[in-house]
Each structure stands twice: as structure tokens, then as C-alpha cells.
Amino acid sequence: MLQVTRNQPVLAPMREMFNSLADGLAGSTLPGTLPVDIVEHTDHYEIRASVPGFTRDQINIEIENGVLDMSAIRTDTELTDVDGETCGMECCMLRSERYNGSRGRQIRLPSEVDDQTVAAKLENGVLTITVAKPAENAPRRITIA
């Protein structure tokens, strides 16, 4: 009987192409990214990122060269109970499924926004970043003489 040997390296580029296409379709569901919603209002942009379980101290927001960089890092090295108290010798972790590590996202801001007008707040696991538009770009009514 004749045996056919398939050359797997020949198929590797095709497999990579389909994987990259699937990654592109997945968008923010890729591991390690922060899922975001971006909303444009008349006078500002609003970016909402899901950061469940992260505290203010674990989140970093920076703007450099028109790029908004958000990152959140959690490293739980100590065991804690539900009240946040460190567990002593009387307890041990049986299972840990909560996210540990870093997540991030970079968003290029429109060129007309002012980096100095950025404000952020964290509420119920949602990070809301507000970036004001310049006043001169706001629509204004022109009177007819």
C-alpha cells in the first residue's frame, strides 16, 4: 500500500492567514486587550473600557504623540478573603480563576483634540475617559446680516 506523506510546512502560511483573519474579526476579544466603546458627542469623545476587578492604583492612562495608552495590571501574590484581608495559615487557595496579569489598549486620538482636556473616572468596573473637542470645532450659528 502506498502511503502519502503530507508536507505540513507548505500549509503553514495558509493556516497563519486564516488565523490572522479570525484575529482581526475578533477585535477587542483578543486575550490581553481591554474591550472599549468609543462614542462621539458634539463637544467631546467618550471612551469606555471594561476593567472589572481592577482598582484605580492598578490602572495607568497616558497620552503621547496623540495616542491614548490604557493599561491595567493585577498581580495577586497574596491570598485574600472576601473582605480583602490577607489569609493566614488557616486558609489556602483551592481554585483561582480571576484574571491575573496585564491588559492594555492603545487608541489614536483625532488630531484636533487637546491632550490637556482629558479626564478619567472609574465606576463599577467601567473606566470612562472623556476627551474634549476644541471649542472652535463646535458648530456655531451664523447670523445673516
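Observations on the model:
- Neighbours by Cβ (under 9 Å, 6+ apart or cross-chain): first from the range 104-125, closer than 21 Å to residue 56 by Cβ; second in a loop (DSSP other than H, G, I, E, B) and of a type in the set (A, V, I, L, M): 104/34; 105/34; 115/109; 118/109; 122/51; 125/51
- Under the condition of being at pLDDT 65 or above and either in contact with a Gly (Cβ under 6 Å, 6 or more places away or on another chain) or in a strand (DSSP E or B) (or both), the residues counted in the range 52-85 number 15.
- Residues of the range 86-126 that are at pLDDT below 65 and among the hydrophobic types (A, V, I, L, M, F, W, C): 87, 89.
The values are calculated or read from the model by the stated rules, or taken from the named source; none is laboratory data. Everything numeric here is computed off the predicted structure, so don't read it as measured data. We place every Cβ from the backbone using ideal geometry, glycine too, and count neighbours over all the protein chains shown.
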